[in-house]
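Below is one structure, written out as structure tokens; the observations come after it.
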Amino acid sequence: MKNKNPRKMGGPPGKNKRGSSKFSMNRDPFFSNSKRRKKNEDEVIESEEEELDGGMLNGGGESGEEEEELEPEETAEEKRQRIAKELVENLRKREKELEDEEDEEGERVFEKEGERDSFVAKKLMQQQLEDSGRLRRAIASRVQKPESVDGFEILVKHRQSVTAICLSDDDSKGFSASKDGMILHWDVDSGKAERYQWPNEEILRSHGSKNPEGRATKHSRNVLALSVSTDGRYLASGGLDRHVHLWDTRTREHIQAFPGHKGPVSCLTFRQGSSELFSGSFDRSIKIWNVEDRAYMNTLFGHQSEVLAIDCLWQERVLAVGRDRSMQLFKVHDESRLIFRSSTSSLECCCFIDNSEFLSGSDDGNIALWGIQKKKPVYIVKNAHALSTDVNNGELKDRGRNYNGHIASSWVSSVGVCRGSDLAASGAGNGSVHLWAIEGAGKGIRSLYDLPLIGFVNSLAFAKSGKFLLAGVGQEPRLGRWGHNSAARNGVAIQRLKLL
């Protein structure tokens, strides 16, 4: 049966729906005025190009706000170049001011310009070598002996024992955490502190947190470790809840929770100049995270017991110690590791001196200097923190508790090094922090001064300039309650150092 409707048969439409006049090509502007239309399109395109040239390329626009929106963002390479140019100009201005003070007559100007540029180049090269760990500054010999009135001062107070402290890269801001989960962000000069607020369980789950395993019914707020990124944007915390928590230092808000560890997170460190974060745990593993991408990267295995402390410099090398009596240097890029054995006891803390030398403290009271070429310590200071019976009139009590046969108060619970220098410090629970001078070429460790401080020194942090030392102190050790000193004050103490 044929269809009588010509429109359905695909024939040419002769009429519209209402049966009006036939379709005319002359009436369609597309066919009737094609040349004029083409000319108008060209004019429109040219006018649009003029607007783009005037607005985007020449910076023209109707308002200043539109100009700012059209400006391209600064790339990382351009930012590095700008910062480098500003640094060079500041150094030149500083040297010129010093020269003007010394020589007001202005003689030998051209010669001094060349000398100034060479001096700036040498200074930049020296700074680069110091930052990379290939050049060691001589600061220990310049430290003056502190007077009795110039001892440690409590800068920030905590309700419970401080477990971790860290400093920003410019030494202006500090961070501290305690066993009750309190995280404080404070100013080094004034001591004014601001508290980080833990989010509720619902927000934690939305940020990646998982339900706690084992007997725990909720996330523990006990914080054992802190670390701040080199750019000062991110603060990482870890503790008994087996998560690595990421905070924004500008807003002090929680932004991410990294699950994955099967035991408490005992130590954290950022690789300098990068967004890589390393976390050590009681589950005997070290995990690598990328805080910019909020992603897990890799896991390092090797320790046979709990990992207690880790440290990292610019290179992709992680130094870690644990209760298996070993210190291990993980080369992440090469996927290899070096194992250093301690013949006596468990290693409690460690830190880099430079890329080839390390410092460690153990629960038998010894401090050891290690070199990358030997698997045994290069130099050992035995009984570095001998227990004093008259500390604060005999109020130091250990309740008869010990571990591996050693009294808890004499354990070396923390070590710290002024980055790129020969100045080091160690802390314990015997009532003092000890300053050390590290001799060059692995010659040994020389004792400097004892700085009285009552309590268990659970964490140490030097300023880059070496002008002050921070200590996180508490009534109890960081990882347990096998010692107690009721006379100690929980908080962050600061010791000003005078340099010659």
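The values are calculated or read from the model by the stated rules, or taken from the named source; none is laboratory data. The structure presented is a predicted model; accordingly, all values stated were derived computationally and were not measured. For the accessible areas, the whole protein counts, side chains as well, though only heavy atoms, and no ligand, DNA or RNA atoms are used. Shrake-Rupley method; radii C 1.70, N 1.55, O 1.52, S 1.80 Å.
Observations on the model:
- Pairs with C-alpha atoms separated by more than 24 Å, drawn from the list 85/498; 287/376; 374/443; 173/467, are 85/498; 287/376.
- Summarised in one figure, the compactness ratio Rg/Rh of the stretch 406-500, Cα atoms and Kirkwood Rh, is 0.99.
- Ordered by solvent-accessible area of protein heavy atoms (1.4 Å probe), largest first, the residues 449, 296, 379, 234 come out as 296, 379, 449, 234.
- Order of exposure, largest accessible area first, which applies to 360, 465 with probe 1.4 Å: 465, 360
- Largest first, the residues 75, 163 sort by 1.4 Å accessible area into 75, 163.
- Note on residue 313: accessible area is roughly 20 Å² with a 1.4 Å probe, heavy atoms of protein only.
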